[in-house]
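Step one of this worksheet: look at the structure below.
The values are calculated or read from the model by the stated rules, or taken from the named source; none is laboratory data. Quantities reported herein were computed from a predicted structural model and do not represent experimental measurements. We place every Cβ from the backbone using ideal geometry, glycine too, and count neighbours over all the protein chains shown. All accessible areas refer to the heavy atoms of the entire protein, side chains included, with ligands and DNA or RNA removed. Shrake-Rupley method; radii C 1.70, N 1.55, O 1.52, S 1.80 Å.
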Amino acid sequence: MSSTPRLQEITPANFEAAINLRVSPEQEHLVAPVVKSLAEAYVHPDVAWPRLIVDGERAVGFLMGFFDIDWKADGSRTDVRSGLWRLAVAAGEQGRGYGRFAIAELAAEIRRRGGTRLTATWHPGPDGPEGFYRALGFQRTGETSGDEVVGELPLT
């Protein structure tokens with residue numbers, strides 16, 4: 001990191017920078033494009049928290065969190081979770097701490113809202129990001145969401 005990174009709301013001023021972010025070609029199958037995330041945020045404004053990761057004036061990544069969703073989606077709200085919906089660090093910017101920074105900021109926001117755990121999902125396999133999440137303290141829950149592994153990071 002060259003300066004102090006920060007998260008920015010997506011606005012008309014940074015929209016183009018956000019949708020032009022690209023992960024490395026070998027990671028494209030692991031994360032949806034930012035424009036899809038922004039479309040999902042638009043149709044789920046009550047739970048989505050999209051943010052641009054910026055270092056100085058450079059857009060270096062994208063984070064989208066979610067808050068207080070009914071994980072079972074059965075209307076019971078017996079399992080309400082907050083966590084990471086999407087994380088993409090731009091090609092050429094990885095390995096500089098931006099992903100760790102973004103997860104820490106999301107964890108702080110979840111704590112601020114009264115949450116005690118951060119849920120994330122990831123594609124399993126040797127080319128997936130499991131090592132990154134495990135290094136941050138995420139543990140597999142034994143669940144899956146679609147074809148992704150579910151992990152949690154305790155925030156207490």
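Rank Val47, Val89, Val34 by mean-square fluctuation in a GNM of the chain with C-alpha springs under 10 angstrom and give only the top-ranked residue.
For the chain, modelled as a Gaussian network with Cα springs under 10 Å, the answer is Val47.
Please report, as a whole percent, how much of the solvent-accessible surface of the chain comes from carbon and sulfur atoms (probe radius 1.4 Å).
The value for the chain is 52 percent carbon and sulfur by accessible area.
Where in the chain lies the longest segment free of trypsin sites (Lys or Arg not before Pro) that are both loop residues by DSSP (not H, G, I, E, B) and have at most 15 other Cβ atoms within 10 Å?
23-71
For the stretch 31-156, what is the accessible area per residue in Å² when the probe is 1.4 Å?
Working: 6140 Å² over 126 residues.
The answer is 49 Å² per residue.
What's the center-to-center distance, using Cα atoms, between the stretch 101-153 and the stretch 34-77 in Å?
Between the Cα centres of the stretch 101-153 and the stretch 34-77 lies a distance of 14 Å.
Give the long-range amide H neighbours of Gly61: residues separated by 5 or more places, or on another chain, with amide H under 5 Å away, using H modelled in the peptide plane at 1.01 Å from N.
Ile53, Ala90
Which order do you get for Phe101, Phe67, Phe15 if you rank them by accessible area with a 1.4 Å probe, largest at the top?
Phe15, Phe101, Phe67
Which value, in Å³ per residue, describes the convex hull spanned by the Cα atoms of the stretch 71-156?
Value for the stretch 71-156: 109 Å³ per residue.
Which value, in Å² and to the nearest 10, is the accessible area of Glu148 when all protein chains are kept and the probe is 1.4 Å?
Answer for Glu148: close to 40 Å² accessible.
What's the Cα-based Rg to Rh of the chain, Rh via Kirkwood?
So for the chain, dividing Rg by the Kirkwood Rh gives 0.94.
Explain nothing, just compute: Karplus ³J(HN,Hα) = 6.51 cos²θ - 1.76 cosθ + 1.60, θ = phi - 60°, for every residue of the stretch 22-35 in order, whole Hz, x for Gly and Pro.
9, 7, 5, x, 6, 9, 4, 6, 8, 9, 6, x, 4, 4
Once you keep just the Cα pairs under 8 angstrom separated by 6 or more residues, what percentage relative contact order results for the chain?
19 percent.
With the Cα gyration tensor of the stretch 36-106 giving a ≥ b ≥ c as the square roots of its eigenvalues, does the rule (a/c under 1.5 for rounded; else a/b larger than b/c for prolate; else oblate) give rounded, prolate or oblate?
Taking the square roots of the gyration eigenvalues as a ≥ b ≥ c, the stretch 36-106 is prolate.
Quick one: how many Å² of Trp71 are accessible to a 1.4 Å probe, rounded to 10?
The accessible area of Trp71 comes to roughly 60 Å².
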